[in-house]
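Readers should treat all values here as calculations from the given coordinates under stated rules, not as data from a laboratory. What you see is a predicted model, and the numbers here were worked out from it, not measured in a lab. Note: ideal-geometry Cβ built from the backbone for every residue, glycine included; neighbour counts use all protein chains shown.
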Amino acid sequence: MLDEICGEIRNYFERNAYKGTFTIKDGVLSPSDFLKEGQYFRIIGSVFNDGVYQYPHDIFTDEIFVGEVRSMAVPPAVIDLAEEIKKYAQSDAAKPSPYSSESFGGYSYSKPVDANGVSSNSWQKVFAKQLNRWRKI
């Protein structure tokens, strides 16, 4: 989810980029001596493993690739928000519905819609205001 959020706000909180040939063997990335335990990092240029991970990470597909590993400094508030977004994305509220409003038996409700009449319950729209703090243009 953090990878999707960083892509949405166009901010990966990157600090340093390490370029070269990297090996992933038995779930271990090497070299990785520049990463600290618990630190987030981004792999770019891999065929199988591009994305954001937390070090150490052991769910990789073995490969050798020429690319980059970029260390990240993700604010704790963003990590907390990512957990909140993940919970929301798995909830019924996030599921698309063909109905934007409904009424029956004296009860009615309306879901917010955008200018095109599309339901605006995606996590990107629901959390846009909170994410804008870190959004890059």
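Among Arg42, Arg133, rank each residue by its count of other Cβ atoms within 10 Å, from fewest to most, as a rough exposure measure.
So the residues, fewest neighbours to most, are Arg133, Arg42.
Could you tell me the relative contact order of the chain? Use alpha-carbon pairs under 8 Å, at least six residues apart, and round to a whole percent.
RCO, the chain: 26 percent.
For each pair in Lys36/Lys95; Lys86/Lys136; Lys36/Lys86, compute the distance between the two Cα atoms and list the pairs where it is over 30 Å.
Lys36/Lys95
Applying 1/(1 + (r/R0)^6) with R0 = 22 Å to the Cβ-Cβ distance of Tyr18 and Phe48, what FRET efficiency is obtained, to the nearest 0.05?
Plugging the Cβ-Cβ distance into 1/(1 + (r/R0)^6) gives 0.75.
Distance in nm between label sites at Ser91 and Phe34, each 7 Å beyond Cα in the beta-carbon direction?
If labels sit at Ser91 and Phe34, their model points lie 4.0 nm apart.
Can you give the extra length, in nm with one decimal, that the chain gains between Arg135 and Asp80 once fully stretched, where that is 0.36 nm per residue apart less the Cα-Cα distance?
18.2 nm
Between Ser122 and Asp58, what is the spin-label point distance in nm, taking each point 7 Å from the Cα along the Cα→C-beta axis?
That separation, rounded to one decimal, is 3.6 nm.
With charges set only on the Cβ (+1 for Lys and Arg, -1 for Asp and Glu), what does the dipole of the chain come to about its Cα centre, in debye to the nearest 20?
The dipole magnitude comes to about 600 debye.
If one takes the longest principal axis of the Cα atoms in the chain, at what angle in degrees, from 0 to 90 and to the nearest 10, does the Cα axis of helix 76-89 lie?
With rounding to tens, the tilt is 50 degrees.
Is it possible to state the helix-based mean residue ellipticity at 222 nm for the chain, with each DSSP H run of 4+ residues giving -39500 (n - 2.57), the sum divided by total residues, to the nearest 500 deg cm²/dmol? What is it?
The helix contribution divided over the chain gives -5500 deg cm²/dmol.
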